[in-house]
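Each value in this text was obtained by applying a stated rule to the coordinates, not by laboratory testing. Since this is a predicted model, take the numbers as computed values, not measurements. Every residue, glycine as well, gets a Cβ built from its backbone with ideal geometry; the counts of neighbours run over all protein chains shown.
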Amino acid sequence: RQVLAMSLVHHVLPTIGDAEGAKQIPPIWDLMDNWWTTSDFIPYWSDKKAVETDAALVLASTYLKPREKTALVVISNWNYKPVRARVSFVWGRLGLDAAGVRITDALSGQAIAAGGKPIALSLPARDFRILLLRSRR
């Protein structure tokens with residue numbers, strides 16, 4: 001998971017070989033395949049970033065599909081300790097209707113929030129979460 005926390009916020013997919021350690025990496029390729037070449041990447045370092053966090057070394061990059069009114073947000077905790085971070089969305093840059101957005105965990109499918117308010121996430125050390133934002137309008 002640490003490898004993915006470091007790479008996905010930079011629009012980089014790690015190369016996976018047959019090493020024993022590679023079996024520990026979550027299977028995100030099927031998920032990312034739908035976004036990799038068909039979305040606009042908005043990195044955490046951009047002055048036009050679409051997602052912000054209130055915690056140092058918690059980085060959020062966005063894969064945006066404006067025509068489909070969806071976004072995939074990778075939030076990575078680069079700290080060596082667990083962190084609780086507040087995640088805020090810049091709705092104008094996302095092009096999504098804040099009131100009509102549903103947010104789910106992209107890997108588990110679990111609902112996280114609805115509507116446009118900031119959310120709080122607990123992130124283990126050197127780990128990540130991937131959020132799917134889908135506008136109903």
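Using 0.36 nm times the number of residues separating LYS117 and LYS81, minus their current alpha carbon distance, what extension gain do you get? Intermediate results must be reported in sequence, preceding the final value.
Details: separation 36, 0.36 × 36 = 12.96 nm, distance 2.59 nm.
10.4 nm is the gain from fully extending LYS117 to LYS81.
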Three-way shape call for the range 33-137 based on the alpha-carbon gyration tensor, with the a/c threshold at 1.5: prolate
Can you tell me the order of 102-115, 123-136 when each peptide is scored by its average per-residue count of other Cβ atoms within 10 angstrom, highest first? 123-136, 102-115
For a paramagnetic label modelled at 7 Å from the Cα of SER88 toward its Cβ, which residues of the range 109-137 fall within the zone defined by backbone nitrogen distances under 19 Å? 113-122
Long-range amide H partners of ASN34 with built H, under 5 Å: none
Give the residue from ALA125, MET6, VAL51 lying farthest towards the positive end of the charge dipole for the chain; charges sit on Cβ (+1 for Lys and Arg, -1 for Asp and Glu) and the dipole is referred to the Cα centre. VAL51
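Taking K and R as +1 and D and E as -1, what net charge do the other residues with C-beta under 12 Å from the C-beta of LEU72 add up to? Show your work: numbers first, answer last.
Working: positive: LYS65, ARG129, ARG134; negative: ASP33, ASP40, GLU68, ASP105.
Neighbour charge sum, excluding LEU72 itself: -1.
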Rounded to the nearest 0.05, what FRET efficiency is calculated for SER46 and ALA98 with R0 set to 25 Å and r the Cβ-Cβ distance? 0.80
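How much mean residue ellipticity at 222 nm does the chain get from its helices, if each DSSP H run of length 4 or more adds -39500 (n - 2.57) and you divide by all residues, to the nearest 500 deg cm²/dmol? Present the calculation step by step, with values, prior to reporting the outcome.
On the way: 3 runs with 15 residues, N = 137.
Value at 222 nm, helices only, nearest 500: -2000 deg cm²/dmol.
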